[in-house]
Amino acid sequence: MKITVIIPAYNECETLSPLAEQVRARLGAFEHRIVFIDDGSTDDSWDVLRTLHAKFEDIDAVRFRENFGKTSALAAGFARAEGDLVITMDAALQDDPKELGRFIDKINEGFDVVSGWKVRRHDPWTKTFPSKVYNRLISFVFGLELHDINCGFKALRTNIAKQLPLRGDMHRLIPVLAAQIGARITEIPVEHHPRRCGSSKYGVERFWRGIRDAASAYVTAGRTTRAGLPDTSGCVAEELRH
């Protein structure tokens, strides 16, 4: 199995190196590539990623001209994904790389998408409360028996990832979009850690964007779900690739 790990990052310079080391250690038995997407960071994130790319042949990086958002970052990563499996995770070390093997095992059971479920979240209420409401609403409307639809820690078969019609803030709806193209979906509980540094980039205002995109996905279900990834080439300022 060949695995591509996609990690969007925005002002996460302090966690990038330890995250890269832990992911590499956990995937050492697999052919893999780690692709960081620097979503317009204003700190030293890009300098750290340049160093990691120079040091490790399995690390690539893309830098956006400005902050285009997580959906665009994931779309850019999916477009560059190779092999059998794509894993997405956040850059703040709140997602634990020790869980990677469990995602792979679940995919090997025959599922197309495995979504993480942060049973115990270490985030402020301005993030957790809207997320709980959103998850319950989306699960009910789309008939998905998932507890944490918006969890950023996921594994997807590469052919599924490349078909997802991502736009707006639809990274939150990846399980929904995948279900609309017939993917087999499940979830696993994952450990979630407190943020080590920096601050959350999401809050209550994202709830309303999520509702808007959910309504769009509901209305267009079955009509645009095979549109595929958007062209994010205009977002890219620099790319480092082995």
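Quick notes on this one:
- Computed accessible area, Thr42, all protein chains, 1.4 angstrom probe, square angstrom: 110 Å²
- For Glu238, residues with placed amide H under 5 Å, excluding near neighbours: Arg63
- When only the Cβ of Lys, Arg, Asp and Glu is charged (+1, +1, -1, -1), the dipole of segment 1-156 relative to its Cα centre reaches about 400 debye.
- From most to least packed by mean Cβ count within 10 Å, the peptides 145-153, 64-72 give 145-153, 64-72.
- Residues in segment 146-188 reached by a label modelled at Arg102 [backbone nitrogen below 20 Å; 7 Å Cα→Cβ]: 146-157, 175, 185-188
- Sorted largest first by accessible area at a 1.4 angstrom probe radius, with every protein chain in place, the residues His53, His242 fall in the order His242, His53.
- Accessible surface area normalised per residue over segment 21-80 is 44 Å², counting heavy atoms of protein chains with a 1.4 Å rolling probe.
- Distant-in-sequence amide H partners of Lys2 (H built 1.01 Å from N, under 5 Å): Asp84, Leu85
- Formal net charge of residues neighbouring Val86 (Cβ-Cβ distance under 13 Å; K, R +1; D, E -1): +3
The values are calculated or read from the model by the stated rules, or taken from the named source; none is laboratory data. Note that the coordinates shown come from a computational prediction; the quantities given were computed from them, not determined experimentally. All Cβ positions, glycine included, derive from the backbone under ideal geometry; neighbour counts span all protein chains shown. Heads up: the accessible areas ignore ligands, DNA and RNA and are worked out on the full protein's heavy atoms, side chains in. Shrake-Rupley method; radii C 1.70, N 1.55, O 1.52, S 1.80 Å.
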